[in-house]
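Peer 1: I'd like to ask you about the structure that follows.
Nothing in this text is a laboratory measurement; each read-out follows from the coordinates by a stated rule. This is a predicted model, so every value here is computed, not measured. Positions of Cβ are backbone-derived with ideal geometry, glycine not excepted, and every protein chain shown enters the neighbour counts.
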Amino acid sequence: MSNVPTITIDGKQIEATPGKTILEVARENGIYIPSLCFYEGTKNPGACRVCAVEVDGARSLVAACVMPISPGMVVKTDTERVKQARKLVVELLWSSGDHNCLTCERNGDCELQDLVYRFGIEKPRFDIDPPGYGIEDTNTMIQRDLNKCILCGRCIRACNEIQINEVLDFSLRGSHAKVGPAFDADYINSECVFCGECVNSCPVGALTFKQARFMGRPWELKKVKTTCPYCGVGCQLDLNIHDGKIVKVTGNREYGQPNLGSLCVKGRFGIDFVNHPSRLKTPLIRIDGELREASWDEAIGYAAQKLGDIKKTHGADSVAGLCSARCTNEENYIFQKFMRAVVGTNNVDHCARL
Amino acid sequence: MAGLAAAFGSGAMTNSIDEIEHTDLILATGTNTTENHPMIGARVKRAVRKNGAKLIVIDPRKIDLVKYATLWLRQKPGTDVAVLNGLMNVIIAEGLHKADYVADRTENFEALAQTVKKYTPEYVEEISGVPADDLRKAARMYAGAKRASLLYAMGITQHITGTDNVKSCANLAMLTGNVGIEGGGVNPLRGQNNVQGACDTGGLPNVFSGYQQVANDEARAKFEKAWNVKLPGKPGLTVVEMTNAAHRGDLKALYIMGENPMLSDPDLHHVEESLKHLELLIVQDIFLNETAELAHIVLPSACFAEKDGTFTNSERRVQRIRKAIEAPGCAKADWEIVAALSTKMGYPMTYGSAKDIMNEINIMTPSYGGIVYDRLDGEGLCWPCPTKDHPGTAFLHKDRFTRGRGLFHAIEYQPPAELPDTEYPYILSTGRVLYHYHTGTMSRKSIGLNERCPESLVEINPSDAQQLAISEGQAVRITSRRGTVSATAKIVETPPPGTVFMNFHFREAAVNLLTNPALDPIGKIPELKVCAVKVEAA
């Protein structure tokens, strides 16, 4: 007899790995169950209940994200009872916050909005009653609008279980519950190190990238996968491009190694140097003690002539080159080739030692 | 890198980043990884908090990782060899080493055993200040772990004994059978995005790409044939040697692509004088940095977001960068500029794209043989990856060290080149902070990073601050035999009493005006982690 438990979801027989949850097994088999508080790689809190499913023999609906499968389990994800329960959850979340999609940065990229649309909710049955918090606007990187927070706790788990920065937690109780650093401090006055993992994990518009606000709608942004230019970890990230400019940087958990979608403050918020007005835009040649603008032809011509002259007069070893731990493999390769094959010296190094 | 290459035959991180999260014990020494490689720092923290790994931190500074450590050994700066020898003394004396592994896979064990014999915990305590009992505990813990990953960074290498320090790390890992296994290894964490790749592709004075020696006739013949030119066989000058040669007047021209020695190198007054002696200084960069300000010719480069190419990360993983936007003005990719200059000098380089150059790297570099662009859209590839059907290599030295047998080095402790005295009574140590990167060329132009860290702070232990009558936020003057800088005091328990710490990101408080250019004789790394200074209220 096989040890692999078989369960039934929506009439489909599925062989499943013991220990997995209904949500995991359903998703592995292409069966849709919505979720909000579920966040891969963190403990499932079973908080939002939007993943409710019916299990034969259970007294009430169960949260698929926390219910482990058991052999012979029969699960239904699409009954009227399930639909009504999920709809209620979404209506309650909507009505308890200030979910104004017109100006929200997450419009078009919001998990709550997606569920409202998917469930066909024109308007919640309840009065909309946002809590009336002030918007936190005290730093340049992360904007917090707790009026949009659905208390899913994903940011808390991202902070404590993924980055292990241990800054965020729930405070207060019931309808007063809120998320934030200790003593209700603003991020800038807390131990927060601005890794931005909380923003990446937020399913709604409560946490947004401040510098990207009003710089482009989610569907207008082109994402280009690339490698972070800072330290040696080589984190994979998405540059979000609009109108030829980098608007923001996001992690992508599908990219896997080496960073599994996480980033630090430099990769996430330190890329704006690219747009800095003091970037060099043209070659410069020093004439009478001052650096003056020159064309590429002039600059390359002058460099080639001077290098050639010095090599001829003083020998190839009177010339040296520093390549760079910041440049690409291809560039370092042809730089050392240039020094060795064209100048004729092995005087080539970089700052690996510094 | 020279230390690891001598011990194992290869100078790179032996194991992958992912393995750090899933090992049984992590020994982190000379690496403030949560600030310098935060996403490796997160791995270490997850290993401890989520997966139950033990963590031993050996560091003079009370770094963030100490909060997560099972055991913290706070050695005096520059006493690493003594501490590592002490650990090995205990391991051998108590018979905790992996005798089979040592016999089957390594050589020169007897010499090591002989040398570490005198490094008893009590003797090491005298040198390093680490309590003998803690040393014993750490030795037992490390040797007792099924799999132990040793992490280090510049805190180990930036000493005159840097190569010795690295060899000692390698000794410790081999002694306990931790090299060549999943979750183990000796792992130098690289501080710059492509420092591994710059080494791999021949950006060093003694090797072509793939560490093929320029002095080796066969290797040189291979490149001479491919490049159709006669090549010099004498290894060239290293960074600090170039500065000295320029100072003497032997070096006339320097072509710098994307480096800023005017802030990164030790003893900056000397660097500046040296660069001013040059007949020709060409600087190719994305900003007019401190070095470019002295240049005769400045060439504007495209940055990482404006070109295609590859970087190789700390774990030897080759990954793509992709052109996402246009470069400003008429800035060009560095490879295009080098190719144009080469062509102008009569050696045409006609690459049409970065991919064309990679094709040549594939042919000329055995370890990169199979690393072609078409295979790099997923998680990249870790070298060695010799062929197009090779999956890449997560950890090195599996059944055999690259050099055959792992080589133990018997190493004696030597004190740092410059120690405190009555005139300069404090030790200055240098490094980075989380919010900035290297010489700040990029990070200081970022709004958010400067909001978090707008100025250079000098970290002073509260007991020293009290003695010096310096309070938090006060301006202080730090003076060494080579120069003086001013910075704002941050009174904090992080540095040990008697040691102050500064970062090297700020030109206004350029700590490398103070640092000692004394070099490790083999690795040629300057001793940036220890010099003697005096500290006064400004």
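Peer 1: Based on Cα coordinates alone, diagonalise the gyration tensor for segment B:195-382, multiply each eigenvalue by 5, take square roots, and list the semi-axes in whole Å, largest first. The partial results should precede the final answer.
Peer 2: On the way: eigenvalues 153, 98, 54 Å².
The equivalent ellipsoid of segment B:195-382 has semi-axes of 28, 22, 17 Å.
Peer 1: Using only the alpha carbons of segment B:2-189, what is the convex hull's orientation-averaged projected area in square nanometres? If you can, show how the numbers build up before the last one.
Peer 2: Details: hull surface 36.4 nm².
The Cα convex hull of segment B:2-189, projected and averaged over all directions, gives 9.1 nm².
Peer 1: To continue, here is another question. Work out how far the C-alpha atoms of chain B reach from end to end along every principal axis, then list the three figures in whole Å, largest first.
Peer 2: For chain B, the Cα extents along the three principal axes come out at 66, 60, 44 Å.
Peer 1: Give the cross-link partners of residue B:54 among the lysines, using a straight C-alpha distance below 16 Å as the criterion and excluding same-chain residues fewer than 8 apart.
Peer 2: B:45, B:67, B:137, B:146
Peer 1: Restricting to Cα atoms and excluding each atom paired with itself, what does the Kirkwood estimate give for segment A:113-259 in Å?
Peer 2: Numbers: mean 1/r = 0.0587 Å⁻¹.
The Cα-based Kirkwood calculation yields 17.0 Å.
Peer 1: Can I ask one more? Indicate, rounded to the nearest 5 percent, the antiparallel portion of the DSSP beta bridges found entirely in the protein assembly as shown.
Peer 2: On the way: 59 of 104 bridges.
Once the DSSP bridges in the protein assembly as shown are tallied, antiparallel ones form about 55 percent.
Peer 1: Work out which trypsin sites (Lys or Arg not before Pro) in chain A are exposed loop sites (DSSP not H, G, I, E or B, at most 11 other Cβ within 10 Å) and give the longest gap free of them. All intermediate terms of the calculation are to be shown ahead of the outcome.
Peer 2: Numbers: sites that count: A:59, A:125, A:173.
Between exposed loop sites, the widest span is A:174-354.
Peer 1: Restricting the count to DSSP beta bridges whose residues both fall in chain B, what percent are antiparallel, rounded to a multiple of 5? Please list the in-between numbers first.
Peer 2: On the way: 25 of 62 bridges.
If we restrict to bridges inside chain B, about 40 percent are antiparallel.
Peer 1: Further question: Just from its helices, what would the mean residue ellipticity at 222 nm be for chain A, if runs of 4 or more DSSP H residues each count -39500 (n - 2.57) and the sum is divided by every residue, rounded to the nearest 500 deg cm²/dmol?
Peer 2: On the way: 8 runs with 73 residues, N = 354.
It lands at -6000 deg cm²/dmol.
Peer 1: Provide the descending list of Cα extents for segment B:426-537 along its principal axes, expressed in whole angstroms.
Peer 2: Principal-axis extents of the Cα atoms in segment B:426-537, largest first: 41, 35, 22 Å.
Peer 1: Taking only C-alpha pairs under 8 Å that are 6+ residues apart, what is the relative contact order of chain B in percent? Walk me through the numbers before you get to the answer.
Peer 2: Details: 1150 pairs, mean separation 94.6, N = 538.
Relative contact order, chain B: 18 percent.
Peer 1: Per-residue HN-Hα couplings for segment B:85-90, Karplus 6.51 cos²θ - 1.76 cosθ + 1.60 at θ = phi - 60°, whole Hz, x for Gly and Pro?
Peer 2: Karplus-based 3J(HN,Hα) across segment B:85-90 equals 4, x, 4, 5, 4, 5 Hz.
Peer 1: Counting only residues 5 or more places away or on other chains, whose amide H sits under 5 Å from the amide H of residue A:67 once H atoms are built in the peptide plane?
Peer 2: Close amide H contacts, sequence-distant or interchain: A:22, A:23.
Peer 1: Rounded to whole Hz and in sequence order, give me ³J(HN,Hα) for segment A:139-156 from the Karplus expression 6.51 cos²θ - 1.76 cosθ + 1.60, θ = phi - 60°, writing x for Gly and Pro.
Peer 2: The phi angles translate into 9, 8, 10, 10, 9, 10, 10, 5, 5, 9, 6, 9, 6, 6, x, 4, 5, 5 Hz.
Peer 1: Further, regarding this structure: Within segment B:234-300, list the GluC sites (Glu not before Pro) lying in a DSSP loop whose Cβ has at most 13 other Cβ atoms in a 10 Å radius.
Peer 2: Details: sites: B:241, B:259, B:272, B:273, B:279, B:290, B:293; in loops: B:259, B:279, B:290.
Loop-located and lightly packed - none at all.
Peer 1: Continuing with this model, one more query. What percentages, rounded to whole numbers, describe P(r) for chain A computed over all alpha carbon pairs with 20 Å bin width beginning at zero?
Peer 2: 23, 44, 22, 11, 1
Peer 1: Also, quick follow-up: Before rounding to the nearest 500, sum -39500 (n - 2.57) across all DSSP H runs of length at least 4 in chain B and divide by the residue total; then give [θ] at 222 nm in deg cm²/dmol. Intermediate values should be presented prior to the final figure.
Peer 2: Values: 20 runs with 172 residues, N = 538.
So the calculated ellipticity at 222 nm is -9000 deg cm²/dmol.
Peer 1: If the viscosity is 0.692 mPa s and the temperature 37 °C, what Stokes-Einstein diffusion coefficient in µm²/s follows for segment A:284-353 when Rh is the Kirkwood radius over Cα pairs?
Peer 2: Values: Rh = 13.5 Å.
Rounded to a whole number, D works out at 244 µm²/s.
Peer 1: Chymotrypsin sites (Phe, Trp or Tyr not before Pro) within segment A:1-101: which are DSSP loop residues with at most 15 other Cβ atoms inside 10 Å? Don't skip to the end; give the middle numbers.
Peer 2: Working: sites: A:32, A:38, A:39, A:94; in loops: A:32, A:38, A:39.
Sites meeting the loop and neighbour criteria: A:32.
Peer 1: Right, next: Using only the Cα atoms of segment B:63-125, each taken as one equal point scatterer with no solvent, compute I(q) by the Debye sum, divide by I(0), and report log10 of the ratio at q = 0.16, 0.17 Å⁻¹.
Peer 2: Values, matching the q order: -0.64, -0.70.
Peer 1: To continue, here is another question. Okay, which of segment A:195-222 sit inside 11 Å, backbone N to the point 7 Å along the Cα-Cβ direction of residue A:188?
Peer 2: none
Peer 1: Between residue B:397 and residues 5 or more places away or on another chain, which pairs have amide H atoms under 5 Å apart, with H built 1.01 Å from N, and which residues are they?
Peer 2: Sorted by chain and number, the residues that satisfy this are B:402.
Peer 1: Note the direction-averaged projected area, equal to a quarter of the hull surface, for the Cα convex hull of the protein assembly as shown, in nm². Don't skip to the end; give the middle numbers.
Peer 2: On the way: hull surface 159.1 nm².
Convex hull of Cα atoms, orientation-averaged projection: 39.8 nm².
Peer 1: Among B:269, B:22, B:159, what is the fewest-to-most ranking by other Cβ atoms within 10 Å? Could you put the intermediate results ahead of the total?
Peer 2: Details: B:269 12, B:22 15, B:159 30.
Exposure proxy ranking, most exposed first: B:269, B:22, B:159.
Peer 1: With charges only on Cβ, +1 for K and R and -1 for D and E, what is the dipole size of chain B about its Cα centre, in debye, rounded to 20? Intermediate results must be reported in sequence, preceding the final value.
Peer 2: Working: 57 positive and 62 negative charges, 193 e Å.
Approximately 920 debye in magnitude.
Peer 1: List the residues, sorted by chain then number, that are 5 or more residues from residue B:207 or on another chain and whose placed amide H is less than 5 Å from its amide H.
Peer 2: The list, which skips near neighbours in sequence, is B:214.
Peer 1: Give me the mean projected area, in nm² to one decimal, of the convex hull enclosing the Cα positions of segment A:239-310.
Peer 2: Mean projected area for segment A:239-310: 8.6 nm², to one decimal.
Peer 1: Starting from the coordinates of the alpha-carbon atoms of segment A:6-78, obtain the Kirkwood hydrodynamic radius over all distinct pairs and give the value in Å to one decimal.
Peer 2: Details: mean 1/r = 0.0829 Å⁻¹.
Final number for the Kirkwood radius of segment A:6-78 is 12.1 Å.
Peer 1: Loop only by DSSP, 14 or fewer other Cβ within 10 Å of the Cβ. Give me the trypsin sites (Lys or Arg not before Pro) in segment B:454-496 that pass, ordered by residue number. Display every interim value, and only then the final one.
Peer 2: Values: sites: B:477, B:481, B:482, B:490; in loops: B:481, B:482.
Here the trypsin sites (Lys or Arg not before Pro) that fit, given the DSSP loop and packing criteria, are B:481.
Peer 1: Here's another thing I want to ask about it. Using the Karplus equation 6.51 cos²θ - 1.76 cosθ + 1.60 (θ = phi - 60°), what ³J(HN,Hα) coupling, rounded to whole Hz, does each residue of segment B:397-410 give in order, writing x for Gly and Pro?
Peer 2: In residue order, the calculated couplings are 6, 4, 9, 7, 6, 3, 8, x, 9, x, 10, 6, 10, 7 Hz.
Peer 1: Other chains' Cβ within 10 Å of A:290-299 residues: what's the mean?
Peer 2: Rounded to a whole number, the mean comes out at 3.
Peer 1: While we're on this one: Within segment A:131-270, how many Lys pairs sit with Cα atoms under 22 Å apart, leaving out pairs fewer than 8 places apart on the same chain?
Peer 2: Count of close lysine pairs: 21.
Peer 1: Turning to a different aspect of this structure: Kindly state, to the nearest 0.05, the FRET efficiency for residue A:288 paired with residue B:276, given R0 = 22 Å and r defined as their beta-carbon distance.
Peer 2: On the way: r = 17 Å, r/R0 = 0.75.
Computed FRET efficiency for residue A:288 and residue B:276 comes out at 0.85.
Peer 1: How large is the convex hull of the C-alpha atoms of segment A:193-350 per residue, in Å³?
Peer 2: Details: hull volume 26.6 nm³, N = 158.
Looking at segment A:193-350, the number lands at 169 Å³ per residue.
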